[in-house]
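The values are calculated or read from the model by the stated rules, or taken from the named source; none is laboratory data. These numbers come from a predicted model, not from an experiment. As a convention, Cβ positions derive from the backbone with ideal geometry for all residues, glycine included, and neighbour counts pool all protein chains shown.
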């Protein structure tokens, strides 16, 4: 029979929740902790919740990876539908949006990727899309738009005359002249580079004696291979559906980082340990080239509008200009040009590969009257002494992907819930607001 024990023993028992769930460490759990958990309804409920959370985390991670692998596999099949077929700028165009999506990264040469390798104009178009900052959902719409345009038209204005043909070496015709490229070293492939004129001649040669114009022969050739290109956009839309809200509609860390970097003026209030009084305030103006910080009663102002200038004041001392060192000035400049400490990692590429990104259910968060969404980034800090610690960054974003609040929390094996270490409240200011803040600081 389960009894209600003194909760003072629960705190000690929590130290062994993870050990009891781990077959490798279960035998090391002290008997008193084991007996308490076996007879305590509260601890058993905590253990059950923890076990469910760990199972869900593993299942979601594996499931998402399988969906991603499936989507990339289907996309590769569409690429290789162009095996031993002429690939023009027109036929490569519907694939550009998917190639720009980091979630659909392709690491092997394909009939489509080799065309971009050989065609400067197509590679430039891909670079433009990559640099445009489009979200996954926007790339899906772009791919659909590109595929819906008639594929049987003649080349668009701005398209090159480059036509490529990708074959496996054992399928290649030794009489066909192919180009050598170090990028494909070790791959059993041949890449033939033609022009629209040469392609047209080869296609019309197949129907020698026909009275149809050569232009018509080229159009029919392009139309013949239209379906795989349209299907590439369908895969993009399907991939968005596969990932549900988390991929098609959700905000990702890179979007949040870009939103922070686009902000001209930002005010950040940093509070720790549940305190209402902030331990630090920061004002950053990229338009005015100013960084100002307040810690306790001390104010620091970096002004880069002309020569770097550092002004410091405190409750007991009036403002005074301080000698500037190049190292200190460079650190302040980097601060202005960074995500401002709002994110746990300065670059998205530094996020651990096993980190989990998910949207927080609206029912689990109190937004008040704000039209926000909340997201969690959870990863394991293996560098902490003892057993690994779970780190969580919870960010609240508005409809423009701008973070309004960020919480940095951690959970050790002894913790049942995440413990908030510090919370940032972010405010976006105008130039006038920034100037007013400086004036009020008397700097």
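Counting the residues of the stretch 259-295 that are over 17 Å from residue 440 (Cβ atoms) and assigned to a loop (DSSP other than H, G, I, E, B) gives 11. Taken together, 58, 46 contain a single residue that is modelled with pLDDT under 75 and within 30 Å of residue 413 (Cβ to Cβ), which is 58. Considering only the stretch 21-40, state which residues are within 10 Å of residue 10 (Cα to Cα) and in a helix (DSSP H, G or I). Of everything in the stretch 21-40, those that are within 10 Å of residue 10 (Cα to Cα) and in a helix (DSSP H, G or I) turn out to be 33, 36, 37. Among helices (runs of 4 or more DSSP H) entirely within the stretch 83-129, having at least 1 residues that are under 22 Å from residue 145 (Cα atoms) and touching a strand residue (DSSP E or B) at 6+ places or on another chain (Cβ under 9 Å) singles out 89-92, 111-118.
Being surrounded by fewer than 18 Cβ atoms within 10 Å (Cβ to Cβ), modelled with pLDDT of 85 or more and closer than 20 Å to residue 169 by Cβ holds for only one residue in 112, 108, and it is 108.
Residues are listed down the side, and each one gets a yes or a no for (1) within 26 Å of residue 283 (Cβ to Cβ); (2) surrounded by fewer than 17 Cβ atoms within 10 Å (Cβ to Cβ):
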{"position": "337", "(1), (2)": "yes, yes"}
{"position": "344", "(1), (2)": "yes, no"}
{"position": "354", "(1), (2)": "no, yes"}
{"position": "362", "(1), (2)": "no, yes"}
{"position": "365", "(1), (2)": "no, yes"}
{"position": "399", "(1), (2)": "yes, yes"}
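Failed condition for residue 324, given (1) surrounded by 14 or more Cβ atoms within 10 Å (Cβ to Cβ); (2) within 25 Å of the chain's Cα centre (by Cα), with all others met? Going through the list (1) surrounded by 14 or more Cβ atoms within 10 Å (Cβ to Cβ); (2) within 25 Å of the chain's Cα centre (by Cα), residue 324 breaks only (2).
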